[in-house]
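The values are calculated or read from the model by the stated rules, or taken from the named source; none is laboratory data. All of these numbers come straight from a predicted model, not from anything done at the bench. Note that each Cβ is placed from the backbone with ideal geometry, even for glycine, and that neighbours are counted across all protein chains shown. Calculation scope for accessible area: heavy atoms of the full protein, side chains included, ligands and nucleic acids excluded. Shrake-Rupley method; radii C 1.70, N 1.55, O 1.52, S 1.80 Å.
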Amino acid sequence: DVKVTQSSRYLVKRTGEKVFLECVQDMDHENMFWYRQDPGLGLRLIYFSYDVKMKEKGDIPEGYSVSREKKERFSLILESASTNQTSMYLCASSLWGGGSSRSDTQYFGPGTRLTVL
Amino acid sequence: TQLLEQSPQFLSIQEGENLTVYCNSSSVFSSLQWYRQEPGEGPVLLVTVVTGGEVKKLKRLTFQFGDARKDSSLHITAAQPGDTGLYLCARTSGTYKYIFGTGTRLKVLA
C-alpha cells in the first residue's frame, strides 16, 4: 500500500520562528511536491523536486525553501514564519510527474495544518 | 498560470439525489484528473480522462471529458453520505507540474 507521511498533523508556531515540515514516501517515486491549500484558492504549488538534490520553484515559492537529500524525503522550510503562512500544507509524490502527453497519479500525505501566531 | 474553475463551489444535498459538478478552463488540456479529499486527509485520485468526449464510470460516479478538451464534469447518481468531501480537478502543466481547480465542497445529508 502506497504511503506518504508527514511529520505533524497540527503545528503551532510563533512569528519569526524557523519551521520544518517533513515528508516521507515509501514508493521510490522520483517526484515530490509541496502544496498549500487555502479556502477558495485550491491547491497551490510551492516547490517540487524531480530528483535528489534537484528542486524547482512552483507558483508561490516566496518565503519557503526546500531540501531533498534523500529520494524518499522532501522537507519544506519556512525560514521566518509569518501569519500569512498559516495554512494546510500537503506533500505529494508521483512516479513520473505531469508531462504534456501523459498524466501520473499524485499520492498525497494527510497534510499538516500550520498556525502561525 | 492557467486556471481551472470549478462550479458550484459548495453543494449540500439529501441522500439519494443526483448532482453534477463542473471543471472549466479557457485553454485545451491534454488530460484531466479528478480527486476527492475527505476531511482530515489528502486528495485521492478518482480518475484520469485523456480523450475528448471520453466517459468513464466508477460505480455511481460518471466522469466526462468535453469534446474540445476544455472542460469536464463529474456526475454522481443517488448520492450517499460517504460521497461527502472536496472534489478537485487537476490538469498537467509542463513536464512535472499540475494545476488544481478551486474545488467543489459536497455535503450529502442522511
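Annotation note: of A:Leu95, A:Leu117, the sole residue that is within 14 Å of another protein chain (Cβ to nearest Cβ) and of a type in the set (A, V, I, L, M, F, W, C) is A:Leu95.
Of all residues in region B:88-103, those that are open to solvent by less than 10 Å² (accessible area, probe 1.4 Å) and in contact with a Leu (Cβ under 6 Å, 6 or more places away or on another chain) total 3. Of all residues in region B:1-59, those satisfying the criterion of being assigned to a loop (DSSP other than H, G, I, E, B), open to solvent by 70 Å² or more (accessible area, probe 1.4 Å), farther than 20 Å from B:Gly82 by Cα and not hydrophobic (A, V, I, L, M, F, W, C) are B:Thr1, B:Gln2, B:Ser26, B:Thr51.
For region A:62-93, taking the residues that are assigned to a strand (DSSP E or B) and without any contact (Cβ under 8 Å) to a residue 24 or more places away in the chain, the one that is nearest to A:Val19 (Cα to Cα) is identified as A:Ser65. Answer yes or no: is there a residue in region A:11-23 that is open to solvent by 20 Å² or more (accessible area, probe 1.4 Å), out of contact with any His (no Cβ under 6 Å at 6 or more places or on another chain) and either within 11 Å of chain B (Cβ to nearest Cβ) or closer than 22 Å to B:Gly103 by Cβ (or both). Checked against the condition, which is being open to solvent by 20 Å² or more (accessible area, probe 1.4 Å), out of contact with any His (no Cβ under 6 Å at 6 or more places or on another chain) and either within 11 Å of chain B (Cβ to nearest Cβ) or closer than 22 Å to B:Gly103 by Cβ (or both), region A:11-23 yields no hits at all.
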